[in-house]
1. Evaluate the distance, in nm, between pseudo-label points positioned 7 Å from the Cα of D604 and of Y296 along their respective Cα→Cβ axes.
2. Which far-off residues, 5 or more places away or on another chain, put their amide H under 5 Å from the one on N321, with H placed in the peptide plane?
3. If I model a spin label at D589 and N523 as a point 7 Å from the Cα along the Cα→Cβ vector, what separation in nanometres do I get?
4. Name the residues whose placed amide hydrogens come within less than 5 Å of the amide hydrogen of F249, ignoring near sequence neighbours (fewer than 5 apart) on the same chain.
5. Quick one: what are the phi-derived ³J(HN,Hα) couplings along the stretch 743-760, Karplus 6.51/-1.76/1.60 with θ = phi - 60°, whole Hz, x for glycine and proline?
6. May I ask you to compute the full-extension gain from N391 to K597, defined as 0.36 nm times their residue separation minus their alpha-carbon distance, rounded to one decimal in nm?
7. State which entries of K87/K327; K507/K820; K507/K531 exceed 30 angstrom in Cα-Cα distance in the structure shown.
8. How far apart, in nm, are two points set 7 Å out from the Cα along the Cα-to-Cβ line at Q348 and at I654?
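What follows is calculated from the coordinates using simple rules that are stated; it is not laboratory data. The shown structure was predicted, so the numbers you read here are calculated from the model rather than taken from an experiment. Cβ: placed from backbone, ideal geometry, glycine included. Neighbour counts: every protein chain shown.
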Amino acid sequence: MSDFPHLEKSKPKAADHQYDDDEVTTLVNGTSDPSHLVYIPGTSNLSPDNRTLVEGQEGSSKSNGLTVRQKKHINTSVQQLHYNENKISLDRCINSTIELLYALSEENKARPVFYPTEIDDDNSLLLNSARAHLALVRQNTSKFDKAKIKPDEDEEPLPEFKVLRLNLKSGHSDFDVVSNLDKGSIAALLEKKIQQQVKYLLNLKDRVDDTSSKVFVTGDLNSGKSTFCNALLRRKILPEDQQPCTSVFCEVIDASKENNSLEEVHAIPIGGPDYNIRDESTYKIYPLKDLEDLVYECDRYSLLKVYVLDHRSFQESLLHNGIIDIKLIDAPGLNMDSYQTTQVFSRQEEIDLIVFVVSAENHFTLSAKEFIAAAASEKRYVFIVVNRFDNIRDKEKCKNRILDQIKNLSPDTYKNAREFVHFVSASDIPIGQPSDDGPGGGDDDDGPAEHDLGHPDFDILEASLRKFILEKRSISKLLPAKSFLVNILRDLQTLSNLNEKIYQQEKLEKLKELNNRVNPRYNEIVSKSVKIQNSINTLIENTCTDIYNATTQQITEVVENLGEKPVVVYGGLQYLFEYAKETHSALFDVVLESVTKCENNTKDITVTKVDEIIKFGQNTLGEEFLNDKTFQSSLMFTRKKDTLLKRLDYQLDIMDFVDPSLESCLTFLGIPEKVVAGIQHQITYFNPLTILTAVPTNAIALRDQIPSQITLHTLYSSGKLLTTGALIHKVYQFSRYVTPGMLKKVALPVVLGLSGISIYYLITDVPHAVVRKQARRIKSQVKKANYAHLNAMRIANECRTVLNYPCRQVMNNFQTNIDKRIGEKQKLETSIKDAELSYGYFHDLLKKVEYQQGLLKEIDLESVHEVD
Ligand SMILES: Nc1nc2c(ncn2[C@@H]2O[C@H](COP(=O)(O)OP(=O)(O)OP(=O)(O)O)[C@@H](O)[C@H]2O)c(=O)[nH]1
């Protein structure tokens, strides 16, 4: 586009100044040398552009080898091309931006986007401000995160959000709601905002794509509105009459666009349903020729849709211009009846321009003045066409008078009179004839050009009209779209920049946290847990082993010593049976007591060990250790425990009462117990079996044993042996005095005496015999039943079972702690992954946004491209 000759940005101030200082002279001079005006976007002004369209020459003049008409065609084409290019670029940019917003929305759902909010250190809250990045961290992150970004004094302030601005303040007060909003809530607000912007962009797209535009032609009665419309169409479509004739609004539409190229009139009845071209019940169809009559039917029809074909080129045709579907509305002349309706009609949104036709002969009527003043106050664009100028003899005087009137009615229009006020003679424009069946009246592409050469005023008017509509659409439709895109892309750029930085930083911080804090803590607790588990297991096993050994030893000892003393008081022979039973039971009790004693010992030990185990947990986990259970040792060994003894059979027989033995015999004979015990030891020592087993099995063992055998004890025992030998020798000497006769005499009394003594001995020994016998039986049964081992096992097992509880408690605490660390670790790992993904996403988004910004920058809606 830069090849085009010039882009004239007008100088409105200079132009304004010109009119202000010497309005009349300038205008009069201006009309003698008509120049083109350039509409200045954004200012609603048009300024002189003497090098454009007609060069201030007659329409047939040539410049640079081009006729004015050729230049006009080229300029029109250039403008349309430019407009179309811009429109397509904007359309694409809107589509791309919508895609970016959809993607942002998805991202925001997956991982909440950081949105900057700023909270001042005090109470004042500044949202979306330049220091937003700092606030972002303060607001959206944890204390840990907050510490990581510090305000950088030298940093460029961030641009404020324009489109993606979130209203985070509460409606009725300055109460700080941001501090109450978490990341999720802000993300939800942002999501809502994104959706709103997508909707707005879709509307913008519709507006950019919308090509419909209406030019509303109104004016005084009989001022030549219909003639003017026909002149624009170069066809006699609308009826013209010296008498006021148009009483119904006529909308002239390009039939090729909307009515399958059928030229006809759709008359919309008053009070009928809304017009729908596809629903014939909403209108009545008439041929074009009937328009002559239909325009009078103001009682029947509210609007006549007049579909016509225009076969001229798009540079020539107004209806069929290649970009915008312009519709011409011919309104009834203004009078008391039609004024209100016309006012309402002219305010329709699609009406881009009002053309007010005033008769040069009559100037402005009261209704006209009122209408123009109202339009001016509403800042609607009004072209004033002073028609029937051919009838004016003193044209300058007429112009001055009319411009004077306009100056009072609408100063803005007066200031831009070159563009907005045109003095023409519509009836001078050569036109074809109305036709029912096709393009009868229209000239072909080159036709009108030849006839049209002598009407520069009308050419200027047409060019201004077309250009104004095109530029106005650029201003009203494309410019807002561009501005919006610029803003939203800048916001997206800000957001991407910010998020890219935040997530990159967050990833690094979290990685650091994972490696420096969380992972070591996790590894430490796992290794501690293993160590503690081993320690507790060892403690339990050692304790149980000790208990087993102690219990076995104690029960064995008790059983071994069983029967050494009477356990029940002997009440005499008459209670012998009861004595035997009670002894049996008492002996059992002795054994049981030893078991109970062992159990009690075990309870005490268990209490200590439970405390030790709990301390393992407390010492390692500290406050994190939860001990919600209290150990009660009284609950140990409460189950039915010792059924073993009861299973040992007990059958009393007569032999249980007789148990003669040397020891008891000696005791019976009155030898003190200590001596008996010594004798018993001697007997046991010289027991042949004992001696035999004591003899070393081989000579070497014997030799080795000799020194150790010769002890004081041996010497002492040898002495006693000699004493016993002497005793036997005495008995042998004594036996020499015993003769058979003597034996016969003493035999019977001796036998009787000995028997009596024996019986007496046996009877007195009964209580001891019972104890000894039963003790022996119980011992043998207990040994056979492995009683000590089984009880020791039972007690140790119960201790193990009990100690396993605190062990489990400690290990559960460790597991909870490990789980907590795992959770922390996983959360951090997920955050790192998310931060990585978010960083990638925003990095990518930033690139895409910047690419779109580049494209958008190339869309130039401000410049006017024309052939010089
Ligand atoms: N001399 C001359 N006569 C014109 C011109 N324009 C229109 N007329 C005549 O003025 C008369 C009225 O023209 P119309 O176009 O019907 O006027 P109108 O404003 O549409 O009339 P209503 O809509 O009925 O108010 C017709 O006889 C036209 O021939 C012009 O520029 N010069």
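1. According to this spin-label approximation, the distance is 13.4 nm.
2. Sorted by chain and number, the residues that satisfy this are I326.
3. The two pseudo-label positions are separated by 6.6 nm.
4. The list, which skips near neighbours in sequence, is L304.
5. Each residue's phi maps through the Karplus curve to give 5, 4, 5, 8, 4, 4, x, 5, 4, 4, x, 4, 4, x, 4, 4, 5, 4 Hz.
6. Residue separation times 0.36 nm, minus the Cα-Cα distance, leaves 60.0 nm.
7. From the list (K87/K327; K507/K820; K507/K531), the Cα-Cα distance tops 30 Å for K507/K531.
8. Modelled inter-label distance: 14.3 nm.
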